[in-house]
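**Student:** Got a structure here, written out as C-alpha cells. Questions coming.
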Amino acid sequence: MRLAPLPHEFEQAAPVLRRLSEAGYQAYFVGGAVRDALLHDHIHDVDIATSAYPAEVKALFHRTVDTGIQHGTVTVLTENGQYEVTTFRTESTYQDYRRPDHVTFVRSLREDLQRRDFTVNALAMDHTGQITDLFDGLGDLQRHVLRAVGQPEERFHEDALRMMRAVRFQSQLSFTIDPATETAIAHHHDLLKKIAVERINMEFVKMLAARDRASGLATFIATRLNEACPGLAGTADQLRTMLSDVPMPLTASASVWLRLAAALQLDQAAVGPFMRAWKTTNEERRQVKGLLPTLQKVAAGTADAWDLYNAGPDFLTVLLPVAQQLGIASAPWQARYAALPVHTVGELAVHGGTVMARFPQLQGPHIGAVLQAALRAVVAGRVANTEPALLEYMAELPEIKDGQH
Ligand code: ATP
Ligand code: MG
C-alpha cells in the first residue's frame, strides 16, 4: 500500500531519506508519525530509521547532534526542520523487565520493526509513501485494534512499560486492545512495579489527558495495572467514578492530578504525599494542593470571589477544565473570574508607600495586614478600587483607628 500524496511533514523530511538511500543505505519513516498519517490524525515528530550506523549518518549531513548516540539516535538539522535518525536495532537481554541493558545495531528493517511494541507502531514508510507492513499493522489500524508485535506475554515480560503504553494508546486513539494482548497485561500487571515511576507517570498522564480516557482507564482497572501503581492499590471503585466523566482532552497535567485527587477523595494533606510518590513536579503539587478545596467549592456552588482570586489564572487553565469534565458548566465561572475587580495585588489602587505616607503612625507589620484587608474588601466588591475609597476604608480598620488613640 502507498500513502499518496505524502503529507507535508513527510515531504519536508524526504530529503533526509533520499540522502541516506543515495549513499546506499535503507531509510524509512517509522513509528507514531506513520500511524497518525494513516489515521489522518495530527502528525507530531517525524522519526526516521536507517540501516546506516550513527557514524555513517553523521558523515552524510553537515549539521547533526548526538542525541542518544548509544541508542543509535542522531538528530539531523535541515532547512526544513530537525529529525531524529535512529539506526535499525534490536534490544537484547532484558533484565529486570525494563529497558534493554544494551542495543545491537543491525542492517535489517525486519529486526528493527520486530522490537517495536504494537503492530500499528511497527509500520515503515519510504520517501515515496510505500508502506512496509510485516505484522498486519494496516489491518489493525483499520479495525482500530492495538495488538502486541509477536508474543504478548514475552513482549510485556521484556519491557513492562509497554502495558502502560497499551492503555495510553487506547485512550489516545480510541482503539480496543486485542484479547490476547489484554490477557497478557492482566497476567503481567505486577511487573509494572519494576518500572521507574517517572516513566509510568508519563504514560499515565497521557492516558488520562486524552479525550477518550474512559477506554484506557477501563482496561487499566480491569487488568489491575492500578494495583502496581503508587497509591492506587485497592482504588478500583474510586477510579471507576471517572469512567462517566464528560469526554474532553485536558491540556494541563495538573488538571489530570486534580481530577484524580478528587476521584480518590484525597484531602489537602493527603494529596502531597500521593503526588510525591508519583514523582510529580513541585509546580504540579503546588497547583493541585491549592486548587483542591476550590474545586470542591465550585462543585458545591459555594466558591466565592476570594476563592477565585486566590486560585489565580490556574482557575481558568487547570480547575475549570476539571469542573467541565465533572459536568459543571464553565461559562458562568469564567464570567465570574473575569469580573473580579482585581486579579493581582499589584492592581490595587493603593500601595504600601501610599499607606505609610497617609498613616505614618502605622507599625511595619500592620501595613501588610491593612493592605490585605483592603484587597479582600475590593475582591469581594465591598469597596471600590480607587485611592480615596480605599484610604477611607482603611481609616476605619482597627489597626489604624485604635492606633490613633
Ligand atoms: P507519540 O505520538 O506519543 O509520540 P509514538 O508511537 O511515536 O507516539 P514514541 O514513544 O514516540 O511513541 O515511540 C516511537 C516508536 O518507538 C513507537 O511508535 C514504537 O514503534 C517504538 N517504541 C517506543 N517505546 C517502545 C517500547 N517501550 N517498546 C517497544 N517499542 C517502543
Ligand atoms: Mg513519537
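Laboratory data are not the source of any read-out in this text; all were calculated from the coordinates shown. Note that the structure is predicted; figures quoted are calculated from it, not measured. Every residue, glycine among them, receives a Cβ derived from its backbone with ideal geometry; neighbour counts consider all protein chains shown.
**Student:** Report the gain in length on full extension from ALA55 to ALA389: 0.36 nm times residue separation, minus Cα-Cα distance, nm rounded to one decimal.
**Tutor:** 113.0 nm
**Student:** From the phi of every residue in region 133-143, what ³J(HN,Hα) in whole Hz does the Karplus formula 6.51 cos²θ - 1.76 cosθ + 1.60 yield, where θ is phi - 60° and glycine or proline is x?
**Tutor:** With coefficients 6.51, -1.76 and 1.60, one gets 10, 8, 10, 6, x, 5, x, 5, 4, 5, 7 Hz.
**Student:** Run the numbers on region 1-143 and let me know its relative contact order in percent, using alpha-carbon pairs under 8 Å that are six or more apart.
**Tutor:** 26
**Student:** When the dipole is taken about the Cα centre of region 245-340, and only Lys, Arg (+1) and Asp, Glu (-1) are charged at their Cβ, what size is it in debye, to the nearest 20?
**Tutor:** With only Lys, Arg, Asp and Glu charged at Cβ, the dipole is about 200 debye.
**Student:** Using a 7 Å offset from Cα along Cα-Cβ at GLU22, what residues in region 58-73 end up with backbone N under 14 Å from the label point?
**Tutor:** In region 58-73, the label zone of GLU22 (backbone N under 14 Å from the point 7 Å along Cα→Cβ) covers 60-62.
**Student:** Could you please report the charge total around ALA218, scoring K, R as +1 and D, E as -1 over all other residues with beta-carbon less than 14 angstrom from its beta-carbon?
**Tutor:** Result for the local shell: 0.
**Student:** By its C-alpha gyration tensor, with a ≥ b ≥ c as the square roots of the eigenvalues, how is region 9-103 shaped: rounded for a/c under 1.5, else prolate for a/b larger than b/c, else oblate?
**Tutor:** Oblate is the answer for region 9-103, as a/c is 1.5 or above yet b/c matches or exceeds a/b.
**Student:** Beyond 18 Å, what share of the Cα-Cα pairs of region 147-243 is found? Please give it as a whole percent.
**Tutor:** Counting pairs separated by more than 18 Å, the tail of P(r) holds 38 percent.
**Student:** So what's the angle, to the nearest 10 degrees on a 0 to 90 scale, between helix 253-263 and the longest Cα principal axis of the chain?
**Tutor:** 70
**Student:** Please compute the contact order of the chain in relative form: average sequence separation of alpha-carbon pairs under 8 Å and at least six residues apart, divided by the residue count, as a percent.
**Tutor:** Across the chain, relative contact order equals 9 percent.
**Student:** With 5 Å bins from zero, work out the P(r) of region 281-348 over every alpha carbon pair and list the percent per bin.
**Tutor:** All Cα pairs considered, the percentages come to 4, 17, 32, 25, 14, 7, 1.
**Student:** Hey, what number do you get for the chain at 222 nm if only DSSP H runs of n ≥ 4 count, each worth -39500 (n - 2.57), divided across all residues, to the nearest 500?
**Tutor:** After summing the helix terms and dividing by the residues of the chain, the value is -14000 deg cm²/dmol.
**Student:** Non-local amide H neighbours of ALA303 (under 5 Å, H modeled in plane, Pro and chain starts lacking H): which ones?
**Tutor:** Sorted by chain and number, the residues that satisfy this are VAL298.
**Student:** Can you compute 3J(HN,Hα) from phi for each residue in region 104-119, using the Karplus curve 6.51 cos²θ - 1.76 cosθ + 1.60 with θ = phi - 60°, rounded to whole Hz and x for Gly and Pro?
**Tutor:** Going residue by residue, I get 10, 6, 10, 9, 10, 4, 3, 5, 5, 5, 5, 7, 6, 6, 10, 4 Hz, with x marking Gly and Pro.
**Student:** Each residue of region 212-221 in order: what ³J(HN,Hα) in whole Hz does its phi give by Karplus 6.51 cos²θ - 1.76 cosθ + 1.60, θ = phi - 60°, with x for Gly and Pro?
**Tutor:** 8, 4, 4, 5, x, 5, 4, 5, 3, 6
**Student:** Quote the convex hull volume per residue of region 346-404, based on C-alpha atoms, as a whole number of Å³.
**Tutor:** 71
**Student:** Could you pull out the GluC sites (Glu not before Pro) across region 369-405 that fall in loop regions by DSSP (anything but H, G, I, E, B) with no more than 14 other Cβ atoms inside 10 Å?
**Tutor:** For GluC sites (Glu not before Pro) across region 369-405 that sit outside H, G, I, E and B with at most 14 neighbouring Cβ atoms in 10 Å, the list reads GLU396.
**Student:** Along the positive direction of the dipole of the chain (beta-carbon charges: Lys, Arg +1; Asp, Glu -1; about the Cα centre), which of ALA124, PRO249, ALA299 reaches farthest?
**Tutor:** Toward the positive end, the furthest listed residue is ALA299.
**Student:** Still on this structure: My understanding is that a pair violates if its Cα-Cα distance is over 25 Å; which of LYS206/LYS289; LYS194/LYS289; LYS58/LYS206; LYS58/LYS279 do that in this structure?
**Tutor:** Distance filter (> 25 Å) returns LYS194/LYS289; LYS58/LYS206; LYS58/LYS279.
**Student:** For ASP45 and VAL246 in the same chain, what is the full-extension length gain: residue separation times 0.36 nm, less their Cα-Cα distance, in nm?
**Tutor:** Working it through step by step, the gained length comes to 69.5 nm.
**Student:** Let me ask you something else. In Å, the Kirkwood hydrodynamic radius of the chain over pairs of distinct alpha carbons?
**Tutor:** 24.8
**Student:** Bin width 10 Å, alpha-carbon pairs only: give the P(r) of region 335-377 as whole percents, running from 0 to the bin holding the largest distance.
**Tutor:** 26, 50, 18, 7, 0
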